[in-house]
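*Asks:* Dumping the structure here so I can ask a few things about it.
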Amino acid sequence: PMCRCAYLSKIKTLTSLELCGGGIGDLGCAHIATIFNLTSLNLSQNESITNRGAASLAALVNLKALNLSNTCVNSGALKFFGGLLKLQSLALYGCKDMEDSPRLSSLQSELPSLRCLRLNSASNEDGVIDHNIETEEEEDDEEEEEARKSKTKS
């Protein structure tokens, strides 16, 4: 995985990157943090990413969407995101001690463009921007379920 991130970081024209559950860690984040044109980054399900990795991602000032759900990032990482002024969507499902963090409200005041902050709470505002992403995932799950059923029949 480390080599893959180093390789990807050479593609400076990348604007969108999804590496979910790909065994990416903090070192991978440091490589990814050099792809300055990124506007959308999804590193969810990478359990080796900690606040150190999140700190390096703060260099990606063009980010509009960042997903670090189900990583080892906790509320301590929020202080690094204050400079991501273009950020519109931040997803941190399954990240520890986020919801009651005072840093959360200060982050919301620091980031003028932030319209969608997704945590564990299931409020109606949760996930306003990213409806299509979530429905696609659900459809995939249904297809996999169908495939599994047809295998067991045969």
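*Asks:* Tell me which residues come under 5 Å, amide H to amide H, from ARG118 once H is placed; ignore anything under 5 positions away on its chain.
*Replies:* Amide H neighbours of ARG118, under 5 Å, 5+ apart: LEU90, ALA91, LEU92.
*Asks:* What are the residues whose amide H is under 5 Å from the amide H of SER101, where those residues sit 5 or more places off or on another chain and H is modelled from the backbone?
*Replies:* When sequence neighbours closer than 5 places are left aside, there are no close amide H contacts.
*Asks:* Let me ask another. Calculate the spin-label point distance for SER48 paired with VAL61, positioning each point 7 Å from the Cα along the beta-carbon direction, and give it in nanometres.
*Replies:* 3.0 nm
*Asks:* Tell me, what ³J(HN,Hα) does each residue in the range 115-120 have, in order and in whole Hz, if you take phi through Karplus 6.51 cos²θ - 1.76 cosθ + 1.60 with θ = phi - 60° and put x for Gly and Pro?
*Replies:* 10, 9, 10, 10, 10, 7
*Asks:* To continue, here is another question. Can you work out the Karplus-derived ³J(HN,Hα) for every residue in the range 96-106? Use 6.51 cos²θ - 1.76 cosθ + 1.60 with θ = phi - 60°, whole Hz, and x for glycine or proline.
*Replies:* Taking θ as phi minus 60°, the curve returns 5, 5, 8, 4, 9, 6, x, 5, 5, 5, 5 Hz for the range 96-106.
*Asks:* Rg (Å, one decimal) plus Dmax (Å, integer) for the alpha carbons of the range 33-123?
*Replies:* For the range 33-123, the Cα radius of gyration and maximum Cα-Cα distance read 11.7, 35 Å.
*Asks:* Amide H neighbours of ASN74 under 5 Å, counting only residues 5+ apart in sequence or on other chains, H built in-plane at 1.01 Å?
*Replies:* Long-range HN contacts for ASN74: ASN51.
No lab work stands behind these numbers, since they all come straight from the coordinates. None of these values were measured; they are calculated from a predicted model. All Cβ positions, glycine included, derive from the backbone under ideal geometry; neighbour counts span all protein chains shown.
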